[in-house]
Every structure is written in structure tokens, then in C-alpha cells.
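Working notes, beginning with the structure itself.
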Amino acid sequence: MNATAPLVIDNATLPDGRRGMRVLALDGRIAAIGPAAAAQPLPAGAQWLDAQGWLLSPPFVDAHFHLDATLSHGLPRVNASGTLLEGIALWGELKPLLTEEAIAERALAYCDWAVARGLLAIRSHVDICDDRLLAVRALLAVKRQVAPYLDLQLVAFPQDGLLRSPGALANLQRALDLGVDVIGGIPHFERTQAEGAESVRILCELAAARGLPVDMHCDESDDPQSRHIETLAFHTQRLGLQGRVTGSHLTSMHSMDNYYASKLLPLIAESQVHVVANPLINITLQGRHDHYPKRRGMTRVPELLAAGVNVAFGHDCVMDPWYSFGSACMLEVAAMGLHLAQMTSSLGQRQCFDAVTVNAARVLGLPGYGLAVGGRADAVLLQARTPEEAIRLRAQRLAVVRGGAVVARMAPATAELALPGRPASVDFTRQPPG
């Protein structure tokens, strides 16, 4: 989006703790960042936004989503068991009823939600196991329509299994020819471990031949013997795909024994495979076959980070056959990840904020992302003083900036009280003493 005038954001707090900062955007790029008190006079014709000390963050990024299924909850029925497998079966019932128009309409509505919440980049998996490729065509059209204000990457995803579903490989290649960006897979859904491993090999070799990234649903299971991430890391190194491959979910790592995990963690790090956890969905779908104690299901986020792996979070689903909740709020995703992984230290909270911003941007390979001179003038102004507070409050998005233009605003969250002897309003951002 081309800004029509310079934009100046004054008196901002940045995620690194700098306060009273001015950010100047010119021609869609960040031209300067520095203390507002020492800044030059405003450029002629500039738009001015007073941040009033609130937190200015780079925009949120969702590293794992399913835009073709979003907002379809209740069609043609509700997932009664709440399980992953019933969700897949329900999606299979819905697919014959889909139209390009309905998919596009729901996807565009979700993109509106996303922009309003400061979510300006999404990587969405799109099912290619329907020979009509309706979802592919619909989302490619949506991608073109939203490009001025939202970065949308599409992953060719064989939901029913690359080898298990007849024609899936041919459909996947057709989707890539149409312009889909990333190669996906689901090895744990193949009929056997051997076929799952073979699907990983085929897909990684296809990615190497086409020069494309890989993002694979991998080991989304409570089965500790589901170990396709090991195969994915191996082929990543064999084919020289380091930094271009993502393993999504990896929930089986939650159930693996520590000895095997101690071998697996450095292998993932050495192969430079990104990892995307999906906290809201992992805690909802995993452990469904347990009685008590129940497993949490999310992969080993703190251990992966400590091993040097880039870990991001995704929303995964919103109001679809797998999950009946959600509102495009990546701070909700970060909060659930923080709780599931028990990352309650100050460092842990910052890492969870990074998982929905800078780390997720690294997964998508977004050029010019971040609050730095020369970068894209994309940002979100949050009604919070720190990233930790933003997560705690699910902070209001006071302004969303894309390409140096304000594309969304929210009114500050306030509450009026009528209590004897008490203030007339409540301040949820009040800091504890000391």
C-alpha cells in the first residue's frame, strides 16, 4: 500500500524498551527512528500519530493457518468428539459442498479480522486433495485482492495424504503451477510409517527441484513413535534445504522419551528447520485419548529454543471443523503458548511475543520486516507498555499501519466505575511497585 503522505509516530515505546521514540515513514518505508525530543520538525504534509507512550510493535505474523476452512464452523455439522480425526472426516464431508465464492467470502472476512488485530502476514495451508482445486483457485484470488494490506503465503497441503489420496501428487504439482508458494505434507496421516517417510522424501526432492520452501504438518499425534521430523531434518540436510523447511505441530515430541528427544533436538537445530507450534489447537486436539493424567500435547518449545531452533506460533484454526473459537488474535495464541510451555519468566514471555512476531516473520521469510530504518513501514500500536503486558491484556490495537498508512484503529479499552470512594475509571496497565 502506497502511503499518500509521510507518517510520523511520536512518543512510542519500542519492544526493546526504548521510550519516547519517533518513527518516520516515507514512501512506505521507515526513514528514521530516534528520540522524539531530538527529532527534526515534522515533514510538510505529514500525518501525525501520538503514541502516548504505548507499545509500537512490528505487526503480528501467523505462521500456520487454514484459510480455506475458516469460518465454516457448523457446516455441515459440528465436530461432536472434538478430535483431530473427526475434524478431518468432517472436512471431507464439507469439501463436496464448497464453492469458490463461499471460500473466498469467508477468507476475505477473516482477513478483515486479521488486519483489525494487527495481523498483517499469514501462511495458510490449502487442501489440494479435491481434484477441482476450488480452494486453491479461491485463495489465489484472495491473495491478489488482499496484497495491498496483507501478505498471504499459500502452502499446497495434501490433507488426505500425499500417497494415501489418489491424485494428490499430481494435484499438488498443479497447485504449484498455478502459483502456490510452499510445498506441504502430512506424513503421519499416511497408511504406514514407511509411506510417511517416503512422502517426506518425495516432497523435499520436489521442493529442491522447484526451488521452493517446505512446510509440513509433522507428527501431529500423541504417538511417541511418530518420528517424521527426524526424516524431514535428514532430507533437509541431504538436499541443502537448510532455512527453507518448517516442521509444523511436532506434538509427538511432547510424548517422546527424553533420551530420544536429546538426540532429535540438535538434529533439528543443525538442519535449520523452523518449528511452528499451534498452542490453541494443540491443547484442544491432543490428549483426547487420555484419561488422567492428560498430556498437554504442545511440542517442546523451551527446549527447542534453547537448542537454537527458530520457533514460531500459529493460530491454525478459527471457527472451522477442528476449532469453534478464535478471532485472529495472535496475543491469545502467545498467551496460550506461554501457559502450556510454562514460559512465565520475563525471558519466556518475551520469547512468546517473538513467536508471533519476529520468529514467525523468519519462518515466512518476510523481506523488510521489523522496526528498522529501511524496513517496511508496517506496525501495530498496542495499548500496553511492554510485550509482557500486551500478552497479559490481549492489548487493544490502537492503530495498525501498513506501508506508512493507518489501515485500522480501535478505541482505547476503558471502563467507568460507579463505586463509593473509588476512582471513576480503572487502569489495567498500572504497573506493580518496584
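Against the condition surrounded by 11 or more Cβ atoms within 10 Å (Cβ to Cβ) and either outside any loop (DSSP other than H, G, I, E, B) or among the hydrophobic types (A, V, I, L, M, F, W, C) (or both), how does A418 come out, does it pass?
Details: surrounded by 11 or more Cβ atoms within 10 Å (Cβ to Cβ): no; either outside any loop (DSSP other than H, G, I, E, B) or among the hydrophobic types (A, V, I, L, M, F, W, C) (or both): yes.
In short, no.
Can you give me the number of residues within the stretch 22-70 that are among the small types (G, A, S), crowded, with 22+ Cβ neighbours inside 10 Å and under 27 Å from G365 (Cα atoms)? First the steps, then the outcome.
Of all residues in the stretch 22-70, those among the small types (G, A, S) come to 25, 28, 31-32, 34, 36-39, 44-46, 51, 53, 57, 63, 69.
Then keep just the ones that are crowded, with 22+ Cβ neighbours inside 10 Å; that gives 25, 51, 57, 63, 69.
Checking which are under 27 Å from G365 (Cα atoms) leaves us with 25, 57, 63, 69.
Residues that pass the stated criteria total 4.
Could you please find all residues in the stretch 107-132 being surrounded by fewer than 19 Cβ atoms within 10 Å (Cβ to Cβ), in contact with a helix residue (DSSP H, G or I) (Cβ under 9 Å, 6 or more places away or on another chain) and hydrophobic (A, V, I, L, M, F, W, C)?
If the condition is that a residue be surrounded by fewer than 19 Cβ atoms within 10 Å (Cβ to Cβ), in contact with a helix residue (DSSP H, G or I) (Cβ under 9 Å, 6 or more places away or on another chain) and hydrophobic (A, V, I, L, M, F, W, C), then L108 is the only one that fits.
Go through (1) at positive phi; (2) touching a residue at least 40 places away in the same chain (Cβ under 8 Å); (3) over 12 Å from the mean Cα position of the chain (by Cα) one by one and return the number of the condition R288 breaks.
(1)
Mind listing just one residue for me: the one in the stretch 162-188 that is buried (at least 21 other Cβ atoms within 10 Å of the Cβ) and more than 24 Å from A89 (Cα to Cα) and, of those, farthest from the chain's Cα centre (by Cα)?
Residue satisfying both the conditions and the ranking: V180.
Taking the criterion of being among the hydrophobic types (A, V, I, L, M, F, W, C) and closer than 15 Å to R300 by Cα, would at least one residue in the stretch 233-248 satisfy it?
Within the stretch 233-248, the first condition is being among the hydrophobic types (A, V, I, L, M, F, W, C), and the residues that meet it are 233-234, 239, 241, 245.
Remaining after also requiring closer than 15 Å to R300 by Cα: none.
Looking through the stretch 233-248, none of the residues is among the hydrophobic types (A, V, I, L, M, F, W, C) and closer than 15 Å to R300 by Cα.
Going through the stretch 108-137 one residue at a time, which ones are hydrophobic (A, V, I, L, M, F, W, C) and closer than 24 Å to M216 by Cβ?
Narrowing the stretch 108-137 to residues hydrophobic (A, V, I, L, M, F, W, C): 108-109, 111, 113-116, 119-122, 126, 128-129, 133-136.
Hits for the stretch 108-137 are A114, L119, A121, I122, V126, I128, C129, L133, L134, A135, V136.
Which members of the stretch 254-284 meet the condition of being among the aliphatic types (A, V, I, L, M) and in contact with a strand residue (DSSP E or B) (Cβ under 9 Å, 6 or more places away or on another chain)?
To start, the set of residues in the stretch 254-284 that are among the aliphatic types (A, V, I, L, M) comprises 256, 261, 264-265, 267-269, 273, 275-277, 280-281, 283.
Correct list: I268, V273, V275, V276, A277, L280, I281.
Does the stretch 22-38 contain any residue that is of a type outside the set (K, R) and assigned to a loop (DSSP other than H, G, I, E, B)? If you could, list the steps in order and put the result at the bottom.
First, pick out the residues of the stretch 22-38 that are of a type outside the set (K, R): 23-28, 30-38.
Still in the list and also assigned to a loop (DSSP other than H, G, I, E, B): 27-28.
Looking for residues that are of a type outside the set (K, R) and assigned to a loop (DSSP other than H, G, I, E, B), one finds at least one in the stretch 22-38, hence yes.
Test of understanding: among Q159, Q193, which residue is at pLDDT 95 or above, farther than 22 Å from E93 by Cβ and either buried (at least 19 other Cβ atoms within 10 Å of the Cβ) or assigned by TED's automatic domain parsing to the domain that holds D68 (or both)?
Values: Q159 fails: farther than 22 Å from E93 by Cβ.
Selected residue: Q193, the only one of Q159, Q193 that is at pLDDT 95 or above, farther than 22 Å from E93 by Cβ and either buried (at least 19 other Cβ atoms within 10 Å of the Cβ) or assigned by TED's automatic domain parsing to the domain that holds D68 (or both).
Which pairs do you get when a residue that is among the acidic types (D, E), found in the stretch 186-200, comes within reach of a residue that is buried (at least 16 other Cβ atoms within 10 Å of the Cβ) and assigned to a loop (DSSP other than H, G, I, E, B), reach meaning Cβ atoms under 6 angstrom, with the pair 6+ apart or on two chains?
E190/G161; E190/L163; E190/R164; E195/L163
Report yes if R409 is crowded, with 18+ Cβ neighbours inside 10 Å, out of contact with any Asp or Glu (no Cβ under 7 Å at 6 or more places or on another chain) and under 22 Å from I30 (Cβ atoms), otherwise no.
Details: crowded, with 18+ Cβ neighbours inside 10 Å: no; out of contact with any Asp or Glu (no Cβ under 7 Å at 6 or more places or on another chain): yes; under 22 Å from I30 (Cβ atoms): yes.
So R409 does not fit the description; no.
Kindly indicate which of A80, A135 is surrounded by 20 or more Cβ atoms within 10 Å (Cβ to Cβ), assigned by TED's automatic domain parsing to the domain that holds S327 and of a type in the set (A, V, I, L, M).
Values: A80 fails: surrounded by 20 or more Cβ atoms within 10 Å (Cβ to Cβ).
Unique residue meeting the criteria: A135.
In the stretch 317-335, which residues are acidic (D, E) and under 18 Å from I103 (Cα atoms)?
Filtering the stretch 317-335 for residues acidic (D, E) gives 320, 332.
The answer is D320, and nothing else.
The values are calculated or read from the model by the stated rules, or taken from the named source; none is laboratory data. None of the values given here were measured: they were computed from a predicted structure. FYI the Cβ positions are ideal-geometry reconstructions off the backbone, even for glycines, and counts take in every protein chain you see.
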